[in-house]
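Participant: I'd like to ask some things about the structure below.
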Amino acid sequence: MADSTATRKPRPVYRNIHVTQIVSYRLPPAGMVSIGHRISGVLMFLLLPFVVWLFDVSLTSEISYERFGAAYSAGLGFLPGWFIKLVTLGLIWAYLHHFIAGLRHLWMDATHAVTKEFGRLSALVTLGASLLLTAVLGFKLFF
């Protein structure tokens, strides 16, 4: 009995981090994707009135569609055009990240691929793909 306890590998000790340590805590890529998934869902929910307004103004008439286009170039009321584009870019990121992270979760659920390596790799692919597609669409939006 004494021999088996002496050869055992010591178990790691986990402890909670203090609030002051949150800034220096190194979150793994899967954790970043998980938090980003939640943030993007909240962002899409909060920007839903903006999306409904965009949809309504773009489809009501030709005149309202011109107003829609002018909102991106000249602005809307006291909001400058670059701010409208920036909000739209945030919405684009939120949608792309939420969609790609959702596909990642569906893939992991369907294939039971829950290894640590696959989780890290798929999280990096999710982050990279969502940021790359956002940069491409942002370039199209601003230029």
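The values are calculated or read from the model by the stated rules, or taken from the named source; none is laboratory data. Just so it is clear, the structure is predicted and the values come from calculations on it, not from any experiment. Counting neighbours? That spans all protein chains shown, and the Cβs are built from the backbone with ideal geometry, glycine included.
Participant: Could you please find all residues in the range 16-33 being in contact (Cβ under 8 Å) with a residue 12 or more places away in the chain and either more than 26 Å from residue 118 (Cα to Cα) or polar (S, T, N, Q) (or both)?
Facilitator: Selection gives nothing.
Participant: Additional query: From the set of residues in the range 1-24 that are more than 30 Å from residue 35 (Cβ to Cβ) and of a type outside the set (Lys, Arg), which is modelled with the highest pLDDT?
Facilitator: 10
Participant: If we only count helices (runs of 4 or more DSSP H) wholly inside the range 1-105, which ones have 3 or more residues that are of a type in the set (A, V, I, L, M, F, W, C) and more than 19 Å from residue 123 (Cβ to Cβ)?
Facilitator: Of the helices (runs of 4 or more DSSP H) lying wholly inside the range 1-105, those with at least 3 residues that are of a type in the set (A, V, I, L, M, F, W, C) and more than 19 Å from residue 123 (Cβ to Cβ) span 29-46, 48-60, 62-73.
Participant: Is the range 60-82 home to any residue that is at pLDDT 95 or above, within 21 Å of the chain's Cα centre (by Cα) and over 15 Å from residue 141 (Cβ atoms)?
Facilitator: no
To keep it simple, each residue is scored yes or no on (1) under 17 Å from residue 36 (Cα atoms); (2) more than 13 Å from the chain's Cα centre (by Cα); (3) of a type outside the set (Asp, Glu).
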{"residue": "85", "(1), (2), (3)": "no, yes, yes"}
{"residue": "93", "(1), (2), (3)": "yes, no, yes"}
{"residue": "96", "(1), (2), (3)": "yes, no, yes"}
{"residue": "113", "(1), (2), (3)": "no, yes, yes"}
{"residue": "120", "(1), (2), (3)": "yes, yes, yes"}
{"residue": "130", "(1), (2), (3)": "yes, no, yes"}
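Participant: A follow-up question, please. Quick one: is residue 125 within 15 Å of residue 31 (Cα to Cα), among the aliphatic types (A, V, I, L, M) and assigned to a loop (DSSP other than H, G, I, E, B)?
Facilitator: No; evaluated as a whole, the condition is false for this residue.
Participant: Still on this structure: Which residues, taken from the range 29-59, are surrounded by 11 or more Cβ atoms within 10 Å (Cβ to Cβ) and either over 23 Å from the mean Cα position of the chain (by Cα) or of a type in the set (S, T, N, Q) (or both)?
Facilitator: Matches in the range 29-59: 34, 40, 56, 57, 58.
Participant: May I pose another question? Which numbered condition trips up residue 91, out of (1) more than 25 Å from residue 140 (Cα to Cα); (2) without any contact (Cβ under 8 Å) to a residue 60 or more places away in the chain?
Facilitator: Result: residue 91 passes all but (1).
Participant: Right, something else. Give the residues of the range 73-98 that are among the aromatic types (Phe, Trp, Tyr) and surrounded by 16 or more Cβ atoms within 10 Å (Cβ to Cβ), sorted by residue number.
Facilitator: Selection gives 93, 95.
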